[in-house]
Amino acid sequence: MKNKITVITIIAAIMVSAYWVGFSLGKESDNVYKELDIFAEAMALVDQKYAEVKKPKELVYGAISGLLNSLDAYSQFLTPEEHKELITETEGKFGGLGIEITMKNGYVTIISPLEDTPAWKAGLEPEDIIIKISGESTKNITLSAAVKKLRGEPGTKVDLTILKAKQRKLEDMSIVRGLIKIKDIKRALVLENNIGYVRIAEFRENTAGELDKALHDLKKSGLKGLIIDVRNNPGGLLYTAIDVSSRFLEDGKEIVSTRSRSEPESIYKAVPAPEKVTDIPLVVLINKGSASGSEILAAALRDNKRAVLLGETSFGKGSVQTIVPLSDGSALRLTTSKYYTPNKISIHEKGIDPDIAVAEETADKDKKEKTDVVEEVQKKIEEIEKKEEKKDEFNYKKDIQIMRALDLLKGLLVLSDTGKENKKALAGEHKK
């Protein structure tokens, strides 16, 4: 009886709230109150006739979750526990596999694995589809439920069935969860010919500050060109992507604009920063695992003619999610706007095409075809060699995209030096 009274009270509260929402929004939302009659009717029937007794909060949370899931692949309802986990994640430390996921065609789809995490080492790749988690199908599972199943105590195992995007075949694998510690600036060093390399793994609270330290150290070496690597960077915080972009653009240059239903267009421009790199050529490396904030950075630098994009077409996430806390500690992760590049192009579900397309595969296509047995043996050897590699080993000469970026920057620097010499010569002739 007590449970029934509670449900009736909740329904009454919803109806009152709906009335005031409709009243405050005017005629445009006249139907909100009427449509909620159906919701109240359904909720009452569930309470009265469902085979098992459900707690009122479970019913309400389930209803809100369904509402958010019906909007798009990125909006979701977060319970108080999930909200806390999200805050922990943005701080860069949590237990799990180390993958950024979304819902696509009703299945859990990998946006990108984070470098040096269990998912990365297991060979998971962008656009791989997680068909099963611990033997249970992920068809029409909620995003939050999938995250909950994938995360867990470090050292525990999770079984997955994966539909590999490249091979288009199913693969069963067991992955041991780890403590995921995300270092935003994964690597920063000078490669050769005073050309630097910066690997940005994700856009989080401290990314811009970490980037400032990296750029400061690189400048000491006489930096003449820079490769910015955002491959497999799934994005993160919008304002961090804007801050990072500001490091490579002159103040006042447009970075990104957002448009929403309730507010006029917002235009974000480059602002002053502790470390600016605005006078040397840049190459940005992107691939299908580059999403959201990575795409904001890449598009902003290209549209402002500050960088050449090299690699593969990016993921195509051009929407902005806002975390809206609710009174009981839960929250809505709600898509509130879409963003546009400085050239006013939406890349949502399209991605960004590179200026110079270079596939990640380094295999020689002219080699003779191997038999299945030989390929399997070779695969096993490569897996053993990979495990034996030192954790921090970085051989950029084996990375065809980095090598192409290096060649491009070397050429640009030669042209730049030639141009300077010609200007000096012309100035000397003028003096004569």
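The values are calculated or read from the model by the stated rules, or taken from the named source; none is laboratory data. Being a predicted model, the structure only gives us computed values, none of them experimental. For neighbour counting, all protein chains shown are included, and Cβ atoms are generated from backbone atoms with ideal geometry for every residue, glycine included.
Points to keep in mind about this one:
- The set of residues in segment 154-185 being modelled with pLDDT of 90 or more and either among the aromatic types (Phe, Trp, Tyr) or under 26 Å from Ile227 (Cβ atoms) (or both) consists of Ile185 alone.
- Lys139 basic (Lys, Arg), farther than 16 Å from Gly95 by Cβ and at pLDDT 90 or above: no
- Sub-6 Å Cβ pairs linking a first residue in segment 236-255 that is more than 16 Å from Pro274 (Cα to Cα) to a second residue that is charged (D, E, K, R) and at pLDDT 95 or above, at least 6 apart or interchain, are Glu254/Lys269, ordered by first then second residue.
- The condition (being farther than 16 Å from Gly289 by Cβ and surrounded by fewer than 14 Cβ atoms within 10 Å (Cβ to Cβ)) is satisfied by just one residue among Thr79, Thr156, Thr138: Thr156.
- Answer from Arg302, Arg261 - the residue that is closer than 25 Å to Leu334 by Cβ and not polar (S, T, N, Q): Arg261
- Any hit, segment 179-199, residues being assigned by TED's automatic domain parsing to the domain that holds Ile99, of a type in the set (S, T, N, Q) and out of contact with any Cys (no Cβ under 9 Å at 6 or more places or on another chain): no
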